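Below is one structure, written out as structure tokens, with a few remarks after it.
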Amino acid sequence: MAGRNFLFVPGPTNTPDRVLRAMHVAMEDHRSSDFPKLAAPVLKDLLKVFKSQSAQAYVFPSSGTGAWEAALTNTLSPGDRVIAARFGQFSHLWIDMAQRLGLRVDVLDTEWGEGAPIERYHEALVADKQHEIKAVLFTHNETATGVTSELPGMRKALNDAKHPALLAVDGVSSIGSIDFRMDEWGVDLAVTGSQKGFMLPAGLGLLAVSQKAKACYGSAKLHRVFFDLGDMDKANATGYFPYTPSLPLLYGLRESIGMLMEEGLENVFARHHRLAEGARAAVKAWGLSLCARQPKWYSDTVSAIMVPPGFNGAEVIDIAYRRYNLALGAGLARMAGKLFRIGHLGDLNECMLLGALAGAEMAMRDAGIKIQPGSGVAAAEEYWRSSAAPLEKRELPPRAPDAQPAEPARPAAAAAAR
Ligand code: PLP
């Protein structure tokens, strides 16, 4: 299909041309004496995105799921008790992994569309007088439902309960896109992947580990091989990896961290918020609702949009893809067919998102959903225009006078020379 594919799934996100160019490298020897010049600074700079000065960063050739596994297996032992809320497909999958690894999980089942139930976490922690619960698993941004939960509130709940459990956070669709402060919020294990806020292809599992979590490594008895932090520590200490790293992705990561730092993380977060608000204005104008039930849970990285009863979100997605070259995110598991998702994270601006909103509008109308043509696009435009920062004045060429003198005839010789 002609033209660019409009990629609006909530990961993988658009890879900026700069990052694509940085990844376009011939393969190199990952054991050369030059290699540490690439790897060591990347590991150090990565921590800036996690906002940590004291944690240690790890880069695995995997995806977010691998970093989930690394977080659990390097700090916990079979039979250890952990607590986790389940309120969407990704929080569900992390719980499933923990159970399959042999952990005992206290599952706090919560309505999909709601945020993590901090009160219930708090009650369970207070009740755990023996401190049997070794870790709190917390999905910061539930990508399946477009819900962001209050991470500082979770830290406070742990502090108020005076509970020493590790705070393990899934930040796959938050880190690098919405506010995340590893040190300030006392996060012990922060998990993410390369294909969302980092604007890279999938292929890296990124993990930051606090000193407190690192101290658990020695006594943690869960099996680990590929994800063993000890092996990684030994190799990383000299600037290498225990196995073959993905060179293009490391070059890409270096570039994407550079881009995030150039824009400034706070500006990146503000941009995502502004884009998300425009998308939410569109949803409202369409007369539809978000899966996220309250504004306090609205995600700035993904909007999960409920389709009216009787319609199938999968059809909207399929029409958008086949007719308009627009990729929208699917409803997952119990949300299948009930919603479609627009990812508004990564390398993105207003005009790009307008394209997605217009495409979604057309696809919904094609699927028979009653939508006022242009309503969502107009609402997003109005929001962005009315909230735009003022532009500084610039000298521009003046407008030509309306009554134009006739153009002088071109000398014949000059015209012929052309
Ligand atoms: N956690 C969340 C919140 C996610 O959105 C995803 C993927 O979309 C994952 C975990 C799994 O990450 P990956 O697909 O990179 O393994």
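The values are calculated or read from the model by the stated rules, or taken from the named source; none is laboratory data. Owing to the predicted nature of the structure, the values given are computational and were not obtained by experimental measurement. Ideal geometry is used to build each Cβ from the backbone, glycine not excepted, and the neighbour counts take in all protein chains shown. All accessible areas refer to the heavy atoms of the entire protein, side chains included, with ligands and DNA or RNA removed. Shrake-Rupley method; radii C 1.70, N 1.55, O 1.52, S 1.80 Å.
Quick notes on this one:
- A 1.4 Å probe run over the protein chains yields, for the stretch 160-282, 34 Å² of accessible area per residue, whole-number rounding.
- Axis angle, to the nearest 10 degrees, between helix 89-100 and the longest C-alpha principal axis of the chain: 30 degrees.
- Percent accessible area from carbon and sulfur atoms, the stretch 14-69, protein chains only, probe 1.4 Å: 52 percent
- Gained length - Ser219 relative to Glu392, 0.36 nm times residue gap less alpha-carbon distance: 56.4 nm
- When the solvent-accessible area of the stretch 256-327 is split by element, carbon and sulfur atoms take up 52 percent of it, the probe being 1.4 Å.
- Packing-based order for 16-29, 147-160, using average beta carbon neighbours within 10 Å, highest first: 147-160, 16-29
- Only Cα pairs under 8 Å and 6+ residues apart enter the sum, and on that basis the relative contact order of the chain stands at 22 percent.
- You can think of it this way: the chain between Asn5 and Asp45 has 11.2 nm of extra reach, that is 0.36 nm per residue less the Cα-Cα gap.
- Averaged over residues, the count of other Cβ atoms within 10 Å places the peptides 271-279, 42-50, 378-386, 236-244 in the sequence 271-279, 42-50, 378-386, 236-244, highest first.
- Of Cys216, Cys351, the order by accessible heavy-atom surface (1.4 Å probe, DNA, RNA and ligands excluded), from most exposed downward, is Cys351, Cys216.
- Sum of side-chain charges, Gly355 neighbourhood, beta-carbon under 15 Å (Lys, Arg +1; Asp, Glu -1): -2
- Taken per residue, the accessible surface of the stretch 286-411 reaches 59 Å², heavy atoms only and a 1.4 Å probe.
- Folded to 0 to 90 degrees: helix 350-366 orientation relative to the chain principal axis, Cα: 90 degrees
- Of every Cα-Cα pair in the chain, the percent that sits beyond 29 Å: 50 percent
- Gain in span if fully extended, Gln372 to Ala26, counting 0.36 nm per residue against the direct Cα distance: 119.5 nm
- Three-way shape call for the stretch 1-48 based on the alpha-carbon gyration tensor, with the a/c threshold at 1.5: oblate
- Residues of the stretch 1-107: accessible area per residue with a 1.4 Å probe, Å²: 45 Å²
- Probe 1.4 Å - accessible area at Glu266, Å² to nearest ten: 100 Å²
- Helix 151-160 vs. the chain, principal-axis angle (Cα, 0 to 90°, nearest 10): 20 degrees
- Charge dipole of the chain (Cα centre as origin; +1 on each Lys and Arg Cβ, -1 on each Asp and Glu Cβ, all else neutral): 220 debye, rounded to the nearest 20.
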